[in-house]
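So the structure is just underneath, and the comments pick up after that.
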Amino acid sequence: MAKRSLKACEAGITKAKSAFQRKGWTQEYLAAEVGLSTRQSIWKFFTGRPIDRHVFVDICFHLELDWEEIADLPPISPPSSETASSDRELSIEALVSTLRSQLVEPIQATCGTLQSSLDMTQPLLLDRIYTHVNILPHLSHQRWLEVSDLQQTQAGSNRVGFSQNANETVSGMEAVSRSDKLAILGKPGAGKTTFLQHIAIECSRGQYRADCIPVFIQLRGFAVRARDERDFSLVPAIVRQWTQLNIECAKVESLLQHGKILLLLDGLDEVPESEKDDIILAIDRFAKDYYKNQIIITSRLADRPYRFRGFTYIEIADFSQSQIESFARKWFTASSVDSPEDGIETAETFLEKLQKKENQPIRELVVTPILLSLVCSVFQEREMFPTKRSKLYQAGLDILLDRWDNARGIQRDVAYRKLSRADKIKLLGQIAIVTFENGNYFFEKSEILQIISDYLLAFTDANPDPETLWLDSEAVLKSIQLQHGLLVERARDIYSFSHLTFQEYLSARRIIGSPTSEALELASCKLATHTSEPRWQEVILLAASMLPQADFLLLEMKRNVDAIVEKYDRLQMWLVSLARKANTLQSLEKSHYKPAAVRGFYFTLFGDRDLNLATSIDVELSRDLCPDLSLDLTLARAFNTSISLVENPNIQEILALIFALDLERTFPLADAMKDAIAQLKSQLPDLETGKEALRVWWQTQGSSWVAQFRAVIVEYRQIGRDWQWSATERRILQQYYDANQFLVDCLNSDAHTSASAREEIESTLLLPPESISTQPLPPDRSLAEISRARS
């Protein structure tokens, strides 16, 4: 066997150094030209030390030298078969080295920019925007699971998430390096083409398969030319790519026979149906005839299930949080050419706002590059997400329905081409609302087919024959998967929408699309019954924002919110107490806030809730509290501290309580209340008694002291009554609070609401029915006990 390394002879070193000086390069520059990560091999070359044969030949090529003249070769002897084989191998290596260096620029021109990026006025360079992809080692739709298996993964969550488990993924380049025959599948806009372009560039630079030459072929264009020329062989297509290099067909054949081609075939799903069989056969033949070469094919997940012999099938995973962050930073920096610093700043603002609770539906949307690009583009204009989120979701739907294919000139042969665009959206809306109303995020194939069949019968001239109708419905479902990726097969014959956001948006659109005003009112009434159900809230918000007038829906929601406490007299009495307290402050002109906001303030004062409801009703409450509200808030916090001290006494909270009770320095207290507070403070043990004594006091006498504290704030501030709620009452109160918070959020959203409707809703928030508003409150049990104890 010929040696796998070469070294330069003395004369060759002299000649090489002269050529190197003429070039004016550094050793680091030459190393980069050859595709080396360090200059170690360059240094060895110029010092006459052995280096890899193909690196030696590549260095000579870049220095425009004949490697045979530079190399320290043994004396010529009669050729043997082994020597001839070695020479042929060396010749192939030289040819690969030469071609790779000549194809760097053509590959960069072909693969160096992203495909037509929607809403961008200039191309984005791949190197600046590319984010490494992850790969699922299995195809999700081939798993044998039940609907219950998928639903269990969502147990305990108000919003279902459809992203894959990041722990199951491997890096894209690692997955590619494991197999010489690979089919990469993914949803529309998942980044399949971009990944293939990245592989081509990495190969041309010697970072991946440095012993091969990358050939990138878009199958859509190849199919058209092959059809016109009636020749579907892939070899002529490879030769055509190198026309400008004048490479003889014999050399191409030699490269193929030696396995020196990395064949990258993009977009099998984009090939017209009329040519698909011929293309598949051509790929199969090429893989068989030139089995030494690596072949990578990309296609959409829902393309018809053809199995190439010997190929491994993998799937591009959704973006993880870290990939979303990486992509966003690169996108904003690349699109801010004049000021990269501004782009970085915008990216950080984008990521910060994306993490806010109210933007969770948007976070669920941006797990694919195409939709993340859209959201970045929308955000860039005003550095904020649209107030009317339905517009953003509509833009995302437009991209998946047709804009993405149209931007690349793809016309798919679809089974439901007779349906107009409006009909397609109505059909998707019907699937969305039926499954959502049934509480199904995952659904059987038969369930979808039944919905499609019913729609085709009702709104098209479909053949009513059951078997024909069922086959037509299956074709429509497959087209929805392939074209839009809006429906995804999560396991065998089990589907879901690609994003919960689209299921919610389409459901809301279907509801407001009721054909008559009467039907719209009925649909709104039905929708309002779900006001207190967390999973319906995004649908309600979207419906309210899309209605030309949302008064009827919001008033119906208010009636449903009030009905939550309708059957609970004690809860309504408690609401009466909140109203009386708020009215007292208003009548004394001690509060300039909206009465409903003051009621919301006292609703949360002694619970585990924050002040979000009150501040949502009146933002002034978040800026400054009037003295009376500030006093009551201080007392409530001190009281809650005292309760925790009974359960777990510690010196920090004891000090906090003492400071909190020093009220007279901050608030103008009535003499009677001042005396009552002073009496309470006098009963507290001296801090100098030590930690153990303090602990014993709070454990033995703390409960009695807390009861006296409660009696004082009930008597002098009319707050803190001990209602001793049952578990059911606590649950209903929380439901009532959450429903009111959501109703206020809808009022504060971009829904079109008249001033009169807003006033009617706000003025009656957190108020019980008029029939019980004058009933006397029951005596406070703890207060009565303290009174008896004092007497």
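The values are calculated or read from the model by the stated rules, or taken from the named source; none is laboratory data. Please read all numbers here as calculations on a predicted model, not as lab measurements. With ideal geometry, Cβ positions are generated from the backbone for all residues, glycine too; neighbour counts draw on all protein chains shown. Accessible surface areas use protein heavy atoms only, side chains included; no ligands, DNA or RNA. Shrake-Rupley method; radii C 1.70, N 1.55, O 1.52, S 1.80 Å.
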- Would you check which residues across segment 517-563 are of a type in the set (S, T, N, Q) and outside any helix (DSSP H, G or I) and list them? T529, T531, S532, Q549
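Suppose the filter is within 26 Å of D318 (Cα to Cα), in a loop (DSSP other than H, G, I, E, B) and either modelled with pLDDT under 85 or among the polar types (S, T, N, Q) (or both); does I410 pass it?
Details: within 26 Å of D318 (Cα to Cα): yes; in a loop (DSSP other than H, G, I, E, B): yes; either modelled with pLDDT under 85 or among the polar types (S, T, N, Q) (or both): yes.
Yes; evaluated as a whole, the condition is true for this residue.
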- Message: Pairs please, first residue from segment 592-618 and polar (S, T, N, Q), second anywhere and open to solvent by 60 Å² or more (accessible area, probe 1.4 Å), Cβ atoms under 7 Å, 6+ apart in sequence or on different chains.
- Response: T604/D610; T615/S622; S616/D745; S616/N748
- Of everything in segment 557-582 that's closer than 27 Å to T753 by Cα and open to solvent by 30 Å² or more (accessible area, probe 1.4 Å), which residue is nearest to the chain's Cα centre (by Cα)? N560
- Query: Which residues, counting only those in segment 29-54, are open to solvent by 10 Å² or more (accessible area, probe 1.4 Å) and part of a helix (DSSP H, G or I)?
  - Reply: Y29, A32, E33, V34, Q40, S41, W43, K44, F46, R53, H54
- Can you name the number of the only condition in (1) open to solvent by less than 50 Å² (accessible area, probe 1.4 Å); (2) farther than 25 Å from E275 by Cα that S177 fails? (1)
- Message: Here's a check for you: in segment 599-624, which residue that is within 19 Å of V744 (Cβ to Cβ) and in a loop (DSSP other than H, G, I, E, B) is farthest from the chain's Cα centre (by Cα)?
- Response: L605
- Message: If I go through segment 416-443 residue by residue, how many of them are open to solvent by 70 Å² or more (accessible area, probe 1.4 Å) and either of a type in the set (D, E, K, R) or farther than 20 Å from I511 by Cα (or both)?
- Response: 5
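Tell me, which helices (runs of 4 or more DSSP H) wholly within segment 88-205 include 1 or more residues that are under 28 Å from the mean Cα position of the chain (by Cα) and at pLDDT below 65?
On the way: elements: 126-129, 147-152, 172-177, 192-204.
Fully inside segment 88-205 and qualifying: 147-152.
Could you tell me whether V375 is farther than 22 Å from L547 by Cβ and in contact with a Leu (Cβ under 6 Å, 6 or more places away or on another chain)? Quick ask: steps written out before the conclusion?
On the way: farther than 22 Å from L547 by Cβ: yes; in contact with a Leu (Cβ under 6 Å, 6 or more places away or on another chain): no.
Judged against the criteria, V375 is not a match.
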- Query: Tell me, which residue of segment 13-28 that is assigned to a loop (DSSP other than H, G, I, E, B) and not polar (S, T, N, Q) is nearest to D211 (Cα to Cα)?
  - Reply: W25
- Report whether or not I658 is open to solvent by 10 Å² or more (accessible area, probe 1.4 Å), in contact (Cβ under 8 Å) with a residue 40 or more places away in the chain and not charged (D, E, K, R). no
- P361 versus (1) within 30 Å of C203 (Cα to Cα); (2) touching a residue at least 60 places away in the same chain (Cβ under 8 Å): which is the lone unmet condition? (1)
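How about segment 632-672: which of its residues are among the acidic types (D, E) and in a helix (DSSP H, G or I)?
Correct list: D632, E647, E653, E664, D671.
Per-residue answers, yes or no, for (1) within 30 Å of L182 (Cα to Cα); (2) open to solvent by 10 Å² or more (accessible area, probe 1.4 Å):
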{"residue": "D318", "(1), (2)": "yes, yes"}
{"residue": "E325", "(1), (2)": "yes, yes"}
{"residue": "W331", "(1), (2)": "yes, no"}
{"residue": "K353", "(1), (2)": "no, yes"}
{"residue": "E358", "(1), (2)": "no, yes"}
{"residue": "L365", "(1), (2)": "yes, no"}
{"residue": "P369", "(1), (2)": "yes, yes"}
- Within segment 238-247, tally of residues that are surrounded by 11 or more Cβ atoms within 10 Å (Cβ to Cβ) and at pLDDT below 90: 6
- Query: If only one of K251, K292 is assigned to a loop (DSSP other than H, G, I, E, B), open to solvent by 10 Å² or more (accessible area, probe 1.4 Å) and basic (K, R), which one is it?
  - Reply: K292
- Task: Exactly one condition in (1) over 38 Å from the mean Cα position of the chain (by Cα); (2) aliphatic (A, V, I, L, M); (3) in a helix (DSSP H, G or I) is not met by A287; state its number.
- Result: (1)
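Criterion first (farther than 29 Å from L114 by Cβ and touching a residue at least 12 places away in the same chain (Cβ under 8 Å)) does D278 satisfy it?
The answer is yes for D278.
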- May I ask you to list the residues in segment 717-740 that are open to solvent by less than 30 Å² (accessible area, probe 1.4 Å), in a loop (DSSP other than H, G, I, E, B) and not β-branched (V, I, T)? G720, W723
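Quick one: would you say F659 is out of contact with any strand residue (DSSP E or B) (no Cβ under 7 Å at 6 or more places or on another chain), within 22 Å of K581 (Cα to Cα) and not small (G, A, S)? If you could, list the steps in order and put the result at the bottom.
Numbers: out of contact with any strand residue (DSSP E or B) (no Cβ under 7 Å at 6 or more places or on another chain): yes; within 22 Å of K581 (Cα to Cα): no; not small (G, A, S): yes.
Against the criterion (out of contact with any strand residue (DSSP E or B) (no Cβ under 7 Å at 6 or more places or on another chain), within 22 Å of K581 (Cα to Cα) and not small (G, A, S)), F659 does not qualify.
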- Message: For segment 188-231: of the residues being among the basic types (K, R) and touching a Pro at 6+ places or on another chain (Cβ under 9 Å), which is least open to solvent (accessible area, probe 1.4 Å)?
- Response: R220
